[in-house]
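Heads up, the thing below is written out as structure tokens.
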Amino acid sequence: MTSRLHAAALSLLGWYLMAPPFDPKGNVIEDAPLEKWEILGSFDGADKCGVSRDVFRERLRSEAQDLDAELDAKIPAGKFHSEDEAKEAGRATAAKTDRLRVRFQQVVCVSTDDPRLKPRGRTPSPAN
């Protein structure tokens with residue numbers, strides 16, 4: 001295929017901005033098959049998807065920093081009733097920011113014709 005035809009074929013494809021799913025406890029399932037990932041947006045070009053990916057990553061990074069700053073502001077202001085409460089809030093915030101960081105590192109653009117998006121079918125059982 002010539003490079004012009006290849007470029008034309010790629011321009012006809014759609015693109016998904018995708019992120020790994022969360023388990024019921026809110027942890028990122030890093031090894032989930034792509035077909036299980038969340039579609040955050042769809043685009044008519046890889047370049048537009050890439051720009052959105054970068055914006056999404058920055059938004060998640062910012063959310064993680066905001067959570068850290070919020071916790072840092074509460075501790076000196078005496079917003080906690082006990083040291084244990086402050087430590088628990090710190091652990092919960094750290095866990096949430098870690099999940100956000102894991103997710104923003106894994107956000108990807110995927111072509112709509114990527115075979116990994118197709119559900120893995122089961123082998124049909126033979127008729128009796």
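The values are calculated or read from the model by the stated rules, or taken from the named source; none is laboratory data. Computed from a predicted structure; not experimentally measured. Please note: Cβ atoms are built from the backbone with ideal geometry, for glycine as well, and neighbour counts cover all protein chains shown.
Restricting attention to the range 27-58, and to residues there that are over 12 Å from Leu17 (Cβ atoms) and assigned to a helix (DSSP H, G or I), which single residue is farthest from the chain's Cα centre (by Cα)? Among those residues, the one meeting the criterion is Asp47. Scanning the range 1-26 for residues that are modelled with pLDDT of 90 or more, closer than 20 Å to Lys118 by Cα, part of a loop (DSSP other than H, G, I, E, B) and of a type outside the set (Gly, Ala, Ser) yields Pro20, Pro21.
Contact map, the range 101-119: residues that are within 20 Å of Val51 (Cα to Cα) and basic (Lys, Arg) paired with residues that are part of a helix (DSSP H, G or I) and at pLDDT below 95, Cβ distance under 9 Å, separation 6+ or inter-chain. Pairs shown: Arg101/Leu60; Arg101/Arg61; Arg101/Ala64; Arg103/Leu60.
Applying the condition of being assigned to a loop (DSSP other than H, G, I, E, B) and modelled with pLDDT of 80 or more to the range 94-121 and asking which residue is surrounded by the most Cβ atoms within 10 Å (Cβ to Cβ) yields Val107.
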